[in-house]
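Undergrad: Sharing a structure with you now.
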């Protein structure tokens, strides 16, 4: 429901911008806003087209169309392969996290043990509820240290492009509980 509302709002904003730009004679802005509105309308088709283009790019090193000849570098092919290898579970988990929560998870994982402030505990609760972090006391409010779980570390590694085998995350210092 929320996604549909965002899509509708984005479409309305693009169409309103297009109408205003056309009224004021700003043709380039009107064309860009119209293109944006079409992208919003056909976003599923565009995402499939993008995935197909990545597949083609992954398997192609050289293409020729008439007098036009295109050669892809190895870096572009490797990028396409890396984007194609992103596990489905990573996209599923990321779709439920806000940008603040992703940044906080990256920070917690990077520091190994993180001392939370009162302002970050709201976002930390969301990460804890998803099994991405653990804390040292019985409640997060009383905790003075949090750390990333193995799932949180696998998600961080996938985000940073260092895919690991499932279950290979490390535990926090002093953690004696069974996984």
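The values are calculated or read from the model by the stated rules, or taken from the named source; none is laboratory data. Since the model is a prediction, treat every value here as computed from it, not as a measurement. No Cβ is skipped: glycine too gets one built from the backbone with ideal geometry, and neighbour counts run over all protein chains shown.
Undergrad: Any residue in segment 36-55 that is outside the structural domain of residue 6 (by TED's automatic domain parsing) and in contact (Cβ under 8 Å) with a residue 12 or more places away in the chain sitting within a Cβ distance under 8 Å of a residue that is exposed (fewer than 13 other Cβ atoms within 10 Å of the Cβ) and assigned to a helix (DSSP H, G or I)? List the pairs, counting only those 6 or more apart or interchain.
TA: Here the result reads 54/84; 55/84, each pair linking segment 36-55 to a residue that is exposed (fewer than 13 other Cβ atoms within 10 Å of the Cβ) and assigned to a helix (DSSP H, G or I).
Yes or no, residue by residue, for (1) over 20 Å from residue 134 (Cα atoms); (2) modelled with pLDDT of 65 or more; (3) assigned to a helix (DSSP H, G or I):
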position	(1), (2), (3)
82	yes, no, yes
86	yes, yes, no
90	no, yes, yes
96	no, yes, no
100	no, yes, yes
104	no, yes, yes
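Undergrad: Right, another one. Looking at segment 100-125 only, could you name the residues that are surrounded by fewer than 17 Cβ atoms within 10 Å (Cβ to Cβ), over 12 Å from residue 156 (Cα atoms) and under 18 Å from the mean Cα position of the chain (by Cα)?
TA: Result: 100, single match.
Undergrad: Just checking, does segment 44-53 include any residue being over 21 Å from the mean Cα position of the chain (by Cα) and modelled with pLDDT under 80?
TA: no
Undergrad: Taking into account only those residues within segment 126-136 that are closer than 15 Å to residue 147 by Cβ and assigned to a helix (DSSP H, G or I), which is farthest from the chain's Cα centre (by Cα)?
TA: So the residue we want is 128.
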